[in-house]
Amino acid sequence: MWLDHLRAIGRMHSTIVTYQNILEKHITSQIGFRDILSINQQDVNVLLAVGKPGARNNIARVMRSLLRYGALEGIGGLDQVPFTVKIPRARNYEPIDSSHLATPEQVKQLAECMPERMRLTVYLASICALRKGEVLGLQRRDFINLNKEGQALLTVQRQWNRKGVAGSEYTKPKAGSSGTVAVPDPFAKQGQEHLSLYVPDDPDAPLFTLNHLERSPIAFSTFDAYWRTARECVPGMAGFRFHDFRHTGLTLYAQAGATQAEIMARGRHRSPEVVARYQHVMIERDRENTRKPGEAFKF
């Protein structure tokens, strides 16, 4: 009933799936299936005693939503939430670990290890700082002015979401993540080549399919298998995640001199705190680069 209520008030299907997973994995697995009136403050404290702040935040949100619904409907005689379910403060983001970033040469090597029709995914994830779902959700119409020098753009207006109603489907990007980013000329040329070789003329045609017969983006499981094989073939990259390309691209963008506002716009971030992670890497590099000149002066 609670999940049906969430659907009725317009929550996205992927959010409902996430809430259901949290309920099953972190709540009922710990306190069991209980009468709502038997749940007490101690139960909630135990649930929120997990290690990671992000997990605590998610559990608290789900628990509070569930109990508020129970009070709203008067389930079991409940008319208000009888104890505190405090959602932890927003987490303080750890700086990006520079050892988890790829060099431009490593990005190129990883792209070369992907199947030919998937190589552009690596460059778009890194240079344009796209998330995996955003990359796989791209369609032909999302490229603009690829043939005009210095004017190529890429719009991000959907994602390929594995938590769809009937499996994977197109949905809106993460909240606040729609936007348009510039595409450097060398990658605009690669985009043109990819479109001519692998993508039908239909504006709605997905950029990345398993083969020319498919009309839906490649399955996540298939893409992930390609990605795991690719990273194993590049020395030192076995633990590199596809999402780390996004960190790599935004860090390179920061090192090129972009302001905080510019990094927020390109990464389509809403929080300056997140952007500070990339600027921290710049400071780290600056310290490294100034160490040797500093050592030249002896006092």
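Out of the trypsin sites (Lys or Arg not before Pro) in segment 1-58, which ones are loop residues according to DSSP with at most 16 other C-beta atoms within 10 Å?
Listed in order of number, the matching sites are Arg11, Arg34.
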Seminar exercise, completed: For segment 168-230, shape from the Cα gyration tensor axes a ≥ b ≥ c, cut at a/c of 1.5 then a/b versus b/c, turns out rounded
Exercise. Among Lys163/Lys189; Lys25/Lys174; Lys52/Lys108, which pairs are too far apart, with a Cα-Cα distance over 29 Å?
Worked result: Lys163/Lys189; Lys52/Lys108
Problem set entry | Sites matching trypsin sites (Lys or Arg not before Pro) across segment 95-159 that sit in DSSP coil, with at most 14 neighbouring C-beta atoms within 10 Å | Lys148
For this session: Convert each backbone phi in segment 116-127 into a coupling constant with the Karplus relation 6.51 cos²θ - 1.76 cosθ + 1.60 (shift: θ = phi - 60°), then list the ³J(HN,Hα) values in order as whole Hz, x for Gly and Pro.
Result: 3, 6, 10, 5, 5, 4, 5, 5, 5, 5, 8, 5
Problem set entry | Shape of segment 2-77, Cα gyration tensor, a/c cut at 1.5 | oblate
Problem set entry | Low-density loop positions, chymotrypsin sites (Phe, Trp or Tyr not before Pro), segment 151-198 - DSSP coil, at most 11 other Cβ in 10 Å | none
Seminar exercise, completed: Non-local residues with an amide H under 5 Å from the amide H of Phe208, with H modelled 1.01 Å from N and Pro and chain starts lacking one, are Ile218
Problem set entry | Prolate/oblate/rounded label for segment 136-275 (Cα gyration tensor, a/c 1.5) | rounded
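We did not get these values from a lab; they are worked out from the coordinates using the rules stated. Just so it is clear, the model here is predicted, and its values are computed rather than measured. Backbone-built Cβ (ideal geometry, glycine too); neighbour counts: all protein chains shown.
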